[in-house]
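Visitor: Here it is, the structure, as C-alpha coordinates.
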Amino acid sequence: MILDVEKILKNLLKNKKISNRVEELDLNTKQLIDAIPILIDMNEEKEDNIKKTLTSFDLINGKVKRIVVLSKYGKKIQYSNNVVTQKINPIDFEEKNIFYREENRKILINSFAEILKKPFEKQKGLYIYGKPGIGKTFIMKRFVKTLAQKNNKVGFINVSNLVSNVKRSFNEENTYHKTLSILKEVNYLFIDDIGSEIISSWFRDEILFSILNERVEKNKVTFFSSNYSISNLQKLEAKTSNQKYLDINKSIKLISKIKALSIEIHLKGVNKRY
(Lines give C-alpha, C1' and ligand atoms only; values in the text may rest on other atoms or scores of the structure.)
Protein backbone atom coordinates (compact mmCIF):
# COMPACT_ATOMS: atom_id res chain seq x y z
CA MET A 1 0.00 0.00 0.00
CA ILE A 2 2.86 2.35 0.87
CA LEU A 3 4.44 1.60 -2.46
CA ASP A 4 1.16 2.39 -4.22
CA VAL A 5 0.91 5.74 -2.43
CA GLU A 6 4.51 6.53 -3.27
CA LYS A 7 3.86 5.69 -6.89
CA ILE A 8 0.73 7.86 -7.00
CA LEU A 9 2.59 10.80 -5.46
CA LYS A 10 5.53 10.36 -7.79
CA ASN A 11 3.22 10.54 -10.80
CA LEU A 12 1.31 13.52 -9.42
CA LEU A 13 4.50 15.44 -8.73
CA LYS A 14 5.41 15.22 -12.41
CA ASN A 15 2.81 17.95 -12.81
CA LYS A 16 4.84 21.20 -12.56
CA LYS A 17 1.95 23.17 -11.14
CA ILE A 18 1.58 20.65 -8.30
CA SER A 19 5.31 20.19 -7.62
CA ASN A 20 5.92 23.97 -7.58
CA ARG A 21 3.10 24.49 -5.07
CA VAL A 22 4.31 21.59 -2.89
CA GLU A 23 7.82 23.05 -2.86
CA GLU A 24 6.48 26.53 -2.11
CA LEU A 25 4.52 25.25 0.94
CA ASP A 26 7.27 22.79 1.94
CA LEU A 27 4.80 19.97 2.60
CA ASN A 28 5.88 16.89 4.54
CA THR A 29 5.01 13.30 3.56
CA LYS A 30 1.91 13.06 5.77
CA GLN A 31 0.54 16.34 4.42
CA LEU A 32 1.18 15.13 0.87
CA ILE A 33 -0.66 11.85 1.49
CA ASP A 34 -3.64 13.71 3.01
CA ALA A 35 -3.70 16.00 -0.03
CA ILE A 36 -3.82 13.21 -2.65
CA PRO A 37 -7.54 13.70 -3.54
CA ILE A 38 -6.88 17.42 -4.17
CA LEU A 39 -3.72 16.70 -6.16
CA ILE A 40 -5.58 14.19 -8.35
CA ASP A 41 -8.24 16.80 -9.12
CA MET A 42 -5.54 19.36 -9.93
CA ASN A 43 -3.76 16.92 -12.20
CA GLU A 44 -6.94 16.14 -14.16
CA GLU A 45 -7.99 19.75 -14.65
CA LYS A 46 -7.04 21.43 -17.90
CA GLU A 47 -6.77 25.12 -18.78
CA ASP A 48 -9.31 26.28 -21.35
CA ASN A 49 -11.24 29.39 -22.37
CA ILE A 50 -14.27 28.53 -20.25
CA LYS A 51 -13.05 27.84 -16.70
CA LYS A 52 -12.39 30.96 -14.69
CA THR A 53 -11.04 29.07 -11.66
CA LEU A 54 -8.97 25.95 -11.02
CA THR A 55 -8.38 23.70 -8.02
CA SER A 56 -5.35 24.39 -5.85
CA PHE A 57 -4.40 24.04 -2.18
CA ASP A 58 -2.99 25.96 0.75
CA LEU A 59 -1.58 25.09 4.16
CA ILE A 60 -3.95 26.32 6.85
CA ASN A 61 -3.18 25.55 10.52
CA GLY A 62 -0.82 22.78 9.42
CA LYS A 63 -3.41 21.05 7.22
CA VAL A 64 -3.67 21.05 3.45
CA LYS A 65 -6.95 22.66 2.39
CA ARG A 66 -8.58 22.84 -1.03
CA ILE A 67 -8.82 26.35 -2.51
CA VAL A 68 -9.67 27.78 -5.91
CA VAL A 69 -7.38 30.05 -7.91
CA LEU A 70 -7.88 31.99 -11.12
CA SER A 71 -7.12 30.16 -14.35
CA LYS A 72 -5.24 31.91 -17.18
CA TYR A 73 -8.64 32.75 -18.66
CA GLY A 74 -9.88 33.97 -15.27
CA LYS A 75 -6.80 36.18 -14.86
CA LYS A 76 -7.37 37.58 -18.33
CA ILE A 77 -10.97 38.47 -17.47
CA GLN A 78 -9.97 39.92 -14.10
CA TYR A 79 -7.21 41.96 -15.69
CA SER A 80 -9.55 43.27 -18.39
CA ASN A 81 -12.10 44.29 -15.76
CA ASN A 82 -9.52 45.99 -13.55
CA VAL A 83 -7.88 48.21 -16.18
CA VAL A 84 -10.55 50.89 -16.21
CA THR A 85 -9.15 53.28 -18.82
CA GLN A 86 -7.01 52.79 -21.92
CA LYS A 87 -6.45 49.09 -22.66
CA ILE A 88 -2.92 47.84 -23.21
CA ASN A 89 -1.56 45.08 -25.43
CA PRO A 90 -0.20 41.81 -24.01
CA ILE A 91 3.54 41.56 -23.49
CA ASP A 92 5.17 38.42 -24.84
CA PHE A 93 7.48 36.10 -22.92
CA GLU A 94 10.66 37.03 -24.76
CA GLU A 95 10.24 40.71 -23.90
CA LYS A 96 9.59 39.77 -20.28
CA ASN A 97 12.89 37.89 -20.14
CA ILE A 98 14.78 40.86 -21.59
CA PHE A 99 13.04 43.14 -19.13
CA TYR A 100 14.22 41.17 -16.10
CA ARG A 101 17.78 40.63 -17.37
CA GLU A 102 18.65 44.30 -17.70
CA GLU A 103 20.21 45.70 -14.52
CA ASN A 104 18.70 49.16 -14.90
CA ARG A 105 15.21 47.67 -14.97
CA LYS A 106 15.89 45.49 -11.93
CA ILE A 107 16.28 48.71 -9.91
CA LEU A 108 12.82 49.77 -11.04
CA ILE A 109 11.35 46.34 -10.27
CA ASN A 110 12.79 46.51 -6.75
CA SER A 111 11.48 50.06 -6.27
CA PHE A 112 8.03 48.96 -7.41
CA ALA A 113 8.10 45.95 -5.08
CA GLU A 114 9.09 48.17 -2.15
CA ILE A 115 6.19 50.50 -2.89
CA LEU A 116 3.70 47.62 -2.79
CA LYS A 117 5.02 46.34 0.54
CA LYS A 118 3.85 49.52 2.23
CA PRO A 119 0.25 50.16 3.36
CA PHE A 120 -1.69 51.77 0.50
CA GLU A 121 -1.93 55.18 2.21
CA LYS A 122 1.88 55.32 2.49
CA GLN A 123 2.62 54.27 -1.09
CA LYS A 124 4.13 56.77 -3.52
CA GLY A 125 4.42 56.30 -7.27
CA LEU A 126 7.43 56.63 -9.56
CA TYR A 127 8.34 59.29 -12.11
CA ILE A 128 10.35 57.35 -14.71
CA TYR A 129 12.21 59.49 -17.24
CA GLY A 130 14.79 58.90 -19.94
CA LYS A 131 15.45 59.03 -23.67
CA PRO A 132 12.76 57.90 -26.15
CA GLY A 133 12.63 54.21 -27.01
CA ILE A 134 14.37 52.78 -23.94
CA GLY A 135 11.30 50.98 -22.57
CA LYS A 136 9.55 53.40 -20.20
CA THR A 137 6.06 52.60 -21.51
CA PHE A 138 6.87 48.89 -21.55
CA ILE A 139 7.81 49.09 -17.86
CA MET A 140 4.66 51.01 -17.01
CA LYS A 141 2.56 48.33 -18.73
CA ARG A 142 4.29 45.59 -16.76
CA PHE A 143 3.42 47.42 -13.54
CA VAL A 144 -0.19 47.92 -14.69
CA LYS A 145 -0.56 44.20 -15.41
CA THR A 146 0.95 43.24 -12.06
CA LEU A 147 -1.48 45.43 -10.14
CA ALA A 148 -4.53 44.50 -12.21
CA GLN A 149 -3.82 40.79 -11.84
CA LYS A 150 -3.71 41.31 -8.07
CA ASN A 151 -7.31 42.56 -8.30
CA ASN A 152 -6.55 46.29 -8.06
CA LYS A 153 -8.44 48.85 -10.12
CA VAL A 154 -5.86 50.51 -12.35
CA GLY A 155 -5.94 53.36 -14.87
CA PHE A 156 -3.45 53.72 -17.72
CA ILE A 157 -3.45 56.75 -20.01
CA ASN A 158 -1.16 58.18 -22.63
CA VAL A 159 -1.22 61.98 -22.23
CA SER A 160 -1.50 62.72 -25.95
CA ASN A 161 -4.43 60.29 -26.20
CA LEU A 162 -6.00 61.92 -23.15
CA VAL A 163 -5.86 65.33 -24.87
CA SER A 164 -7.67 63.86 -27.89
CA ASN A 165 -10.23 61.99 -25.79
CA VAL A 166 -11.03 65.03 -23.66
CA LYS A 167 -11.54 67.17 -26.77
CA ARG A 168 -13.81 64.55 -28.33
CA SER A 169 -15.90 64.13 -25.20
CA PHE A 170 -16.08 67.84 -24.32
CA ASN A 171 -19.51 68.20 -25.94
CA GLU A 172 -20.72 65.02 -24.26
CA GLU A 173 -20.90 66.21 -20.69
CA ASN A 174 -21.54 62.80 -19.10
CA THR A 175 -18.61 61.16 -20.91
CA TYR A 176 -16.30 64.08 -20.14
CA HIS A 177 -17.05 64.11 -16.40
CA LYS A 178 -16.98 60.31 -16.18
CA THR A 179 -13.50 60.22 -17.74
CA LEU A 180 -12.14 62.83 -15.33
CA SER A 181 -13.83 61.15 -12.37
CA ILE A 182 -12.18 57.81 -13.17
CA LEU A 183 -8.75 59.41 -13.48
CA LYS A 184 -9.19 61.21 -10.17
CA GLU A 185 -10.64 58.28 -8.23
CA VAL A 186 -8.90 55.10 -9.44
CA ASN A 187 -6.47 53.81 -6.79
CA TYR A 188 -3.54 53.37 -9.19
CA LEU A 189 -3.09 55.68 -12.17
CA PHE A 190 -0.30 55.47 -14.76
CA ILE A 191 0.26 58.62 -16.82
CA ASP A 192 2.39 57.74 -19.81
CA ASP A 193 4.59 60.13 -21.80
CA ILE A 194 3.80 63.33 -19.93
CA GLY A 195 5.36 66.29 -21.74
CA SER A 196 4.68 64.85 -25.20
CA GLU A 197 1.34 66.65 -25.55
CA ILE A 198 0.79 69.99 -27.28
CA ILE A 199 0.56 72.10 -24.16
CA SER A 200 -2.32 74.50 -23.72
CA SER A 201 -2.97 76.39 -20.52
CA TRP A 202 -6.51 74.93 -20.45
CA PHE A 203 -5.34 71.31 -20.56
CA ARG A 204 -2.50 71.90 -18.10
CA ASP A 205 -4.61 73.80 -15.53
CA GLU A 206 -8.15 72.49 -15.95
CA ILE A 207 -7.42 68.85 -16.75
CA LEU A 208 -3.94 67.73 -15.71
CA PHE A 209 -3.59 69.89 -12.59
CA SER A 210 -7.16 69.12 -11.57
CA ILE A 211 -6.54 65.36 -11.78
CA LEU A 212 -3.23 65.48 -9.92
CA ASN A 213 -4.44 67.89 -7.27
CA GLU A 214 -7.36 65.63 -6.35
CA ARG A 215 -5.12 62.56 -6.34
CA VAL A 216 -2.78 64.29 -3.88
CA GLU A 217 -5.69 65.24 -1.64
CA LYS A 218 -7.18 61.73 -1.72
CA ASN A 219 -3.81 59.99 -1.38
CA LYS A 220 -4.12 58.03 -4.65
CA VAL A 221 -1.00 56.37 -6.06
CA THR A 222 0.23 57.82 -9.36
CA PHE A 223 3.03 56.82 -11.75
CA PHE A 224 4.48 58.86 -14.60
CA SER A 225 6.74 58.27 -17.58
CA SER A 226 8.40 61.06 -19.55
CA ASN A 227 11.27 61.91 -21.87
CA TYR A 228 12.03 64.81 -19.51
CA SER A 229 13.33 65.09 -15.99
CA ILE A 230 10.97 66.84 -13.58
CA SER A 231 13.03 70.05 -13.71
CA ASN A 232 12.96 70.07 -17.53
CA LEU A 233 9.26 69.26 -17.55
CA GLN A 234 8.67 72.32 -15.39
CA LYS A 235 10.30 74.53 -18.04
CA LEU A 236 8.30 72.82 -20.79
CA GLU A 237 4.95 73.16 -19.03
CA ALA A 238 5.53 76.91 -18.63
CA LYS A 239 5.45 77.32 -22.45
CA THR A 240 1.86 76.94 -23.56
CA SER A 241 0.64 77.13 -27.16
CA ASN A 242 -1.92 79.84 -26.49
CA GLN A 243 0.05 82.30 -24.35
CA LYS A 244 2.71 84.78 -25.33
CA TYR A 245 4.64 84.73 -22.06
CA LEU A 246 5.91 81.95 -19.83
CA ASP A 247 3.47 80.90 -17.13
CA ILE A 248 6.02 79.89 -14.52
CA ASN A 249 3.71 79.95 -11.49
CA LYS A 250 1.17 77.57 -13.04
CA SER A 251 3.96 75.27 -14.15
CA ILE A 252 5.44 75.22 -10.64
CA LYS A 253 2.02 74.35 -9.18
CA LEU A 254 1.67 71.40 -11.57
CA ILE A 255 5.17 70.13 -10.86
CA SER A 256 4.61 70.39 -7.09
CA LYS A 257 1.79 67.86 -7.45
CA ILE A 258 3.97 65.50 -9.48
CA LYS A 259 6.68 65.69 -6.80
CA ALA A 260 4.11 65.06 -4.07
CA LEU A 261 2.87 61.95 -5.88
CA SER A 262 6.07 60.32 -7.09
CA ILE A 263 9.77 59.53 -6.70
CA GLU A 264 11.95 60.50 -9.68
CA ILE A 265 14.04 57.74 -11.29
CA HIS A 266 16.29 58.18 -14.32
CA LEU A 267 16.09 55.16 -16.65
CA LYS A 268 19.13 54.74 -18.88
CA GLY A 269 19.50 52.51 -21.90
CA VAL A 270 19.61 52.30 -25.68
CA ASN A 271 16.77 53.02 -28.06
CA LYS A 272 15.05 49.66 -28.69
CA ARG A 273 12.81 50.95 -31.47
CA TYR A 274 15.56 50.88 -34.07
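The values are calculated or read from the model by the stated rules, or taken from the named source; none is laboratory data. Not measured: the values here are computed from a predicted model. Using ideal geometry, Cβ is built from the backbone for each residue, glycine included, and neighbour counts are taken over all protein chains shown. For the accessible areas, the whole protein counts, side chains as well, though only heavy atoms, and no ligand, DNA or RNA atoms are used. Shrake-Rupley method; radii C 1.70, N 1.55, O 1.52, S 1.80 Å.
Visitor: For n ≥ 4 DSSP H runs only, could you compute -39500 (n - 2.57) per run for the chain, divide by its residues and tell me the 222 nm figure to the nearest 500?
Guide: Working: 13 runs with 140 residues, N = 274.
The helix contribution divided over the chain gives -15500 deg cm²/dmol.
Visitor: Residue by residue, what Karplus-based ³J(HN,Hα) values in Hz, rounded to whole numbers, does region 131-139 have, using 6.51, -1.76 and 1.60 with θ = phi - 60° and x for Gly and Pro?
Guide: 4, x, x, 9, x, 5, 5, 4, 5
Visitor: List the lysines whose alpha-carbon lies under 17 Å from that of LYS14, not counting same-chain residues fewer than 8 positions away?
Guide: In chain and number order, the partners are LYS46.
Visitor: I've got another one for you. Counting Lys +1, Arg +1, Asp -1, Glu -1, what net charge surrounds PHE224 among other residues with beta carbon under 12 Å of its beta carbon?
Guide: On the way: positive: LYS124, LYS136, ARG215, LYS257, LYS259; negative: ASP192, ASP193, GLU264.
Once all neighbours under 12 Å are counted, the net charge is +2.
Visitor: Under a 1.4 Å probe, what is the accessible area of region 137-228 per residue, stated in Å²?
Guide: Value for region 137-228: 42 Å² per residue.
Visitor: Could you tell me which residue out of LEU147, SER225, ASN15 lies farthest along the dipole of the chain toward its positive end? Charges go on the beta carbon: Lys and Arg +1, Asp and Glu -1, centred on the Cα centre.
Guide: SER225
Visitor: For TYR228, enumerate residues with amide H under 5 Å from its amide H, sequence gap 5+ or separate chain, H modeled in the peptide plane.
Guide: So TYR228 has HN proximity to GLY130.
Visitor: With θ set to phi - 60° and the Karplus curve 6.51 cos²θ - 1.76 cosθ + 1.60, what are the ³J(HN,Hα) couplings of region 212-226 in order, to the nearest whole Hz, using x for Gly and Pro?
Guide: 5, 4, 5, 5, 5, 5, 9, 6, 9, 7, 9, 10, 9, 10, 7
Visitor: Continuing with the same structure: Less than 15 Å Cβ to Cβ from LYS257, Lys/Arg counted +1 and Asp/Glu -1: what total charge do the surrounding residues give?
Guide: Local net charge: +3.
Visitor: I'm checking a number: the convex hull volume of the Cα atoms of the chain, normalised per residue, in Å³. What is it?
Guide: Numbers: hull volume 44.9 nm³, N = 274.
Roughly 164 Å³ of hull volume per residue.
Visitor: I need the phi-derived Karplus couplings for region 182-197: 6.51 cos²θ - 1.76 cosθ + 1.60, θ = phi - 60°, integer Hz, Gly and Pro marked x.
Guide: Listing the rounded values in order: 4, 5, 7, 9, 4, 4, 10, 10, 10, 9, 9, 6, 5, x, 8, 6 Hz.
Visitor: Then there is this: Return the long-range amide H neighbours of ILE199 (sequence gap of 5 or more, or a different chain), with a cut-off of under 5 Å between placed amide H atoms.
Guide: Residues meeting the amide H criterion: SER241.
Visitor: Taking each pair of distinct Cα atoms in region 1-47 once, what is the resulting Kirkwood hydrodynamic radius in Å? Walk me through the intermediate numbers first.
Guide: Numbers: mean 1/r = 0.0925 Å⁻¹.
After inverting the pairwise mean of 1/r, the radius is 10.8 Å.
Visitor: Would you pull out the residues with amide H under 5 Å of TYR127's amide H, same chain only if 5 or more places away, H placed 1.01 Å from N?
Guide: PHE224, ILE263, GLU264, ILE265
Visitor: Lysines near LYS118 by alpha-carbon distance under 22 Å, same-chain residues fewer than 8 away left out - which ones?
Guide: Answer for LYS118, where 22 Å is the Cα cut-off: LYS106, LYS141, LYS145, LYS150, LYS153, LYS184, LYS218, LYS220, LYS257, LYS259, listed by chain and number.
Visitor: Let me spell out the model: positive unit charges on the Cβ of Lys and Arg, negative unit charges on the Cβ of Asp and Glu, origin at the Cα centre of the chain. What dipole size does that give, in debye rounded to 20?
Guide: In debye, rounded to 20, the chain gives about 340.
Visitor: Let me ask another. Give, as a single signed number, the net charge of other residues whose beta carbon lies under 11 Å from the beta carbon of ASP58, with Lys and Arg counted +1 and Asp and Glu -1.
Guide: Its environment carries a net charge of +3.
Visitor: State the extension gain, in nm to one decimal, for the chain segment bounded by THR29 and THR55, taking 0.36 nm per residue of separation less the distance between their alpha-carbons.
Guide: 7.3 nm
Visitor: Which of the peptides 126-138, 6-18 is most tightly packed, and how do the rest follow, going by the mean number of other Cβ atoms within 10 Å of each residue?
Guide: Details: 126-138: 19.5, 6-18: 13.8.
Result, highest mean Cβ count within 10 Å first: 126-138, 6-18.
Visitor: Compute the relative contact order of the chain as a whole-number percentage, counting only Cα pairs closer than 8 Å that sit 6 or more residues apart in sequence.
Guide: So the answer I get is 19 percent.
Visitor: Here is a further query. Over all directions, average the projected area of the Cα convex hull of region 133-200 and note it in nm². Kindly include the intermediate steps, with their values, before the conclusion.
Guide: Details: hull surface 21.0 nm².
So the Cα hull casts an average projection of 5.2 nm².
Visitor: Now for a different question. Ignoring ligands, DNA and RNA, what percent of the 1.4 Å accessible area of the chain is carbon and sulfur? Walk me through the intermediate numbers first.
Guide: Numbers: 8250 of 16060 Å².
Using a 1.4 Å probe with all protein chains present, the chain comes out at 51 percent carbon and sulfur.
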